[in-house]
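Student: Below: one structure in structure tokens.
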Amino acid sequence: MKTIKTYVQENKERFISELIDLLKIPSISADLEYKKDILKTADAIKESLEKAGCKKTEICETPGNPIVYGEHIIDEQLPTVLVYGHYDVQPADPIELWDSPPFEPVIKKTDIHPEGAIFARGACDDKGQLFMHVKAFEYMIQNDTLPCNVKFMIEGEEEVGSPSLEWFVKRNQEKLSNDVILISDTGMISNQQPSITTGLRGLSYVEVEIIGPNRDLHSGLYGGAVANPINILTKLIASLHDENNHITIPGFYDKVIEASDEERIEMAKAPFSLDAYKKALDIEDVYGEKGYTTNERNSIRPTLDVNGIWGGYSGEGAKTVIASKAFAKISMRLVPDQDPDEITEMFSNHFKSIAPKSVKVKVTAHHGGHAYVTPIDNIGYKAANRAYTESFGVEAIPQRSGGSIPIVALFEQELKSKTILMGFGLDSDAIHSPNEHYGIFNYLKGIETIPLFYKYYTDLFNKQ
Ligand code: BES
Ligand code: MN
Ligand code: MN
């Protein structure tokens, strides 16, 4: 029997080249043009599970993109770990800002990744991270060290709000039954300081449309006399935050659970350099809600952000025009116990109520989801912490993240189990941005750490 360290050393070139092959397929879920690549990626994941030694694998059809399911049951008495991940990726645009093509992976060294990082869309989010689980599983099978049962559920619609996963989970509760859910789709503090994500924010995502005159108008002939939808839109959006950067939607904060002083003191102990943060983003100063630190603002506080805004003329030169319509996409990140549907409703009512009569307002809801927080006194967290401590040589720090994986709250509701978020990405890995990358160190360290989780989890499970 080989140790996981030896196995990784002996197989790392193959592990890297297999991931690179997976990254070459542009499995963009937001764009139907890529449907065949979605299907191809699902097949590739299924095949990789089979090759790793997974006894039962299948492609499960859904109303949307297929879910890859795998199952390896060794003994009904033993605990079952359900691994979740997503094989779909974000669109690559703006494509011109990539230093190398997003679906032609290259390995380059960076300051943070002196051992090299793989640059490609999906490298970190989430193909690189989900593939660590396939390789860790391969090790445990090939070396006969798998201590418990495993199920895999890898979906292809996470980046568009997992519209079919709820459908799938509700219909397959028995099949998906488990003792703990394990996900690597988050980050950690640094390569020297691992952390375990103990919270995710929820999400309410809306699109607004301001409708003015029935056609685009000459801005000289009509300017000043009719409402300009773009002027109105920007004015309305600006009013959504007050001078302290609090959100002004009535009722927005009603259900927010304020973090206790103890919790805030604990949070402030995590290593963080504001100077390094500003430097990495090339900004003079940070910005945000008064009364909260940067790390609080991006994790335990709700937010409202415009993600895109358009309308009128944005081509070359100057066109004198008052556009008939203006649009914006707005996301609100939520914290416990805000309800995404309620927040969407509050937003919609408020936005319509503050608009002048001179325009019509349309608000369309996109996907949403609840926030999630997990306690650290359960055996899943303890096993994860032991695994990180052994492979990194330092204990992991619990940390709430600002990102969202809305399906995690649903898992708890439908499958009644806790999720352990063992992420190995870094905030600087540029997920969703041009030049997304994933450190070779992180990838291999993840493969090394995961089998330790299985071991400690099964130990703790058997002792309870
Ligand atoms: N993996 C991310 C979420 C994430 C990243 C959480 C880093 C914590 C740390 C996931 O793929 C993602 O991008 N989620 C979306 C929400 C989804 C509904 C589109 C997000 O957070 O914007
Ligand atoms: Mn992800
Ligand atoms: Mn993502």
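The values are calculated or read from the model by the stated rules, or taken from the named source; none is laboratory data. Nothing here was measured: the structure is a model prediction, and the numbers come from that model. With ideal geometry, Cβ positions are generated from the backbone for all residues, glycine too; neighbour counts draw on all protein chains shown. The accessibility values were calculated without ligands, DNA or RNA, using every heavy atom of the protein model including side chains. Shrake-Rupley method; radii C 1.70, N 1.55, O 1.52, S 1.80 Å.
Student: Find how much the distance from Ile376 to Glu262 grows on full extension, using 0.36 nm per residue of separation minus their present alpha carbon separation; answer in nm with one decimal.
Tutor: Roughly 39.5 nm would be gained on extension.
Student: Using Stokes-Einstein with the Kirkwood hydrodynamic radius over Cα pairs, what translational diffusion coefficient do you get for the chain at 10 °C and a viscosity of 1.306 mPa s, in µm²/s rounded to a whole number?
Tutor: 67 µm²/s
Student: Hand me the trypsin sites (Lys or Arg not before Pro) from segment 221-290 located in a DSSP loop with no more than 16 other Cβ atoms within 10 Å, in residue order please.
Tutor: Here the trypsin sites (Lys or Arg not before Pro) that fit, given the DSSP loop and packing criteria, are Lys255, Lys269, Lys290.
Student: State the extension gain, in nm to one decimal, for the chain segment bounded by Tyr287 and His366, taking 0.36 nm per residue of separation less the distance between their alpha-carbons.
Tutor: Gain on stretching Tyr287 to His366: 25.7 nm.
Student: For the chain, what proportion of DSSP beta bridges, expressed in % and rounded to the nearest 5, is antiparallel?
Tutor: That works out to approximately 70 percent antiparallel.
Student: HN-Hα J couplings of segment 284-301 from phi, Karplus 6.51/-1.76/1.60, θ = phi - 60°, integer Hz, Gly and Pro as x?
Tutor: With the stated coefficients, segment 284-301 comes to 6, 8, 8, 8, x, 4, 4, x, 10, 7, 4, 5, 6, 4, 9, 9, 9, 10 Hz.
Student: Between their Cα atoms, which of Lys416/Lys455; Lys329/Lys357; Lys35/Lys55; Lys24/Lys108 are more than 26 Å away from each other?
Tutor: Result: Lys35/Lys55 exceed 26 Å.
Student: What's the percent breakdown of Cα-Cα distances in segment 318-464 across 10 Å bins, shortest bin first?
Tutor: 9, 25, 27, 19, 11, 7, 2, 0
Student: Using only the heavy atoms of the protein chains and a 1.4 Å probe, how would Arg333, Arg386 rank by accessible area, largest first?
Tutor: Arg386, Arg333
Student: Using label points projected 7 Å from each Cα along Cα→Cβ, tell me how many nm separate Asn307 and Lys2, to one decimal.
Tutor: About 4.2 nm separates the two model spin labels.
Student: For a Förster distance of 25 Å, can you work out the FRET efficiency between the beta-carbons of Leu39 and Trp167, rounded to the nearest 0.05?
Tutor: So the FRET efficiency works out to roughly 0.85.
Student: In bins 5 Å wide, starting from 0, what share of all Cα pairs of segment 289-341 does each bin hold, as a percent?
Tutor: Distribution as computed: 4, 15, 16, 16, 13, 9, 9, 11, 7, 1 percent.
Student: If you average the sequence gap of Cα pairs under 8 Å that are 6 or more apart and divide by the length of segment 329-417, what percent do you get for the contact order?
Tutor: Computed value for segment 329-417: 30 percent relative contact order.
Student: Oh, and also: From Cα pairs below 8 angstrom and at least 6 apart in sequence, can you work out the relative contact order of segment 103-192, rounded to a whole percent?
Tutor: Relative contact order of segment 103-192: 22 percent.
Student: From Cα pairs below 8 angstrom and at least 6 apart in sequence, can you work out the relative contact order of the chain, rounded to a whole percent?
Tutor: Across the chain, relative contact order equals 25 percent.
Student: Set the Förster distance to 35 Å, then compute FRET efficiency between Ser314 and Asp111 from the Cβ-Cβ distance, nearest 0.05.
Tutor: 0.45
Student: Starting from the 7 Å offset along Cα-to-Cβ, what nm value, one decimal, do you get for the label separation of Lys463 and Val226?
Tutor: That separation, rounded to one decimal, is 7.4 nm.
Student: Between His246 and Gln193, what is the FRET efficiency for a Förster distance of 35 Å, r being their Cβ-Cβ separation, to the nearest 0.05?
Tutor: In this case the efficiency is close to 0.65.
Student: Per the Kirkwood treatment, what hydrodynamic radius in Å, one decimal, follows for segment 1-134 from the mean inverse distance over all distinct Cα pairs?
Tutor: Kirkwood hydrodynamic radius for segment 1-134: 16.4 Å.
Student: Using only alpha carbon positions, build the gyration tensor of segment 68-137, then give the equivalent ellipsoid semi-axes as the square roots of 5 times its eigenvalues, largest first, whole angstrom.
Tutor: Result for segment 68-137: semi-axes of 32, 15, 8 Å.
Student: For segment 262-391, what is the convex hull (Cα atoms) projected area averaged across all directions, in square nanometres?
Tutor: It is 13.7 nm².
Student: What do you get for Rg/Rh of segment 93-235 when both radii come from the Cα atoms and Rh is the Kirkwood radius?
Tutor: 1.14
Student: Go through Leu217, Leu281 and list them by solvent-accessible area, largest first, probe radius 1.4 Å.
Tutor: Highest to lowest solvent-accessible surface, that is Leu281, Leu217.
Student: Also, quick follow-up: Where a Cα-Cα gap under 14 Å defines reach, which aspartates and glutamates qualify for Lys352, not counting those fewer than 8 residues away within the same chain?
Tutor: In chain and number order, the partners are Glu207, Glu209.
Student: State which entries of Lys56/Lys170; Lys135/Lys418; Lys51/Lys127; Lys109/Lys269 exceed 25 angstrom in Cα-Cα distance in the structure shown.
Tutor: Lys109/Lys269
Student: Seen from all sides and averaged, what is the projected area of the convex hull of the Cα atoms in segment 401-464, in nm²?
Tutor: Its average projected convex-hull area is 5.9 nm².
Student: Next up: What Kirkwood hydrodynamic radius do you get for segment 220-313 when you take the inverse of the mean 1/r over all pairs of distinct Cα atoms, in Å?
Tutor: Averaging 1/r across every pair of different Cα atoms and inverting gives 16.6 Å.
Student: Per residue, how large is the accessible surface of segment 178-337? Use a 1.4 angstrom probe and give square angstrom.
Tutor: On a per-residue basis, 52 Å².
Student: Something else about it: Is there a quick way to get the dipole size of the chain? I mean about its Cα centre, with the Cβ of Lys and Arg at +1 and of Asp and Glu at -1; what is the value in debye to the nearest 20?
Tutor: For the chain, the charge dipole is close to 360 debye.
Student: Mind pulling the per residue volume of the convex hull built on the Cα atoms of segment 196-354? Å³ is fine.
Tutor: Residue-normalised Cα hull volume stands at 157 Å³.
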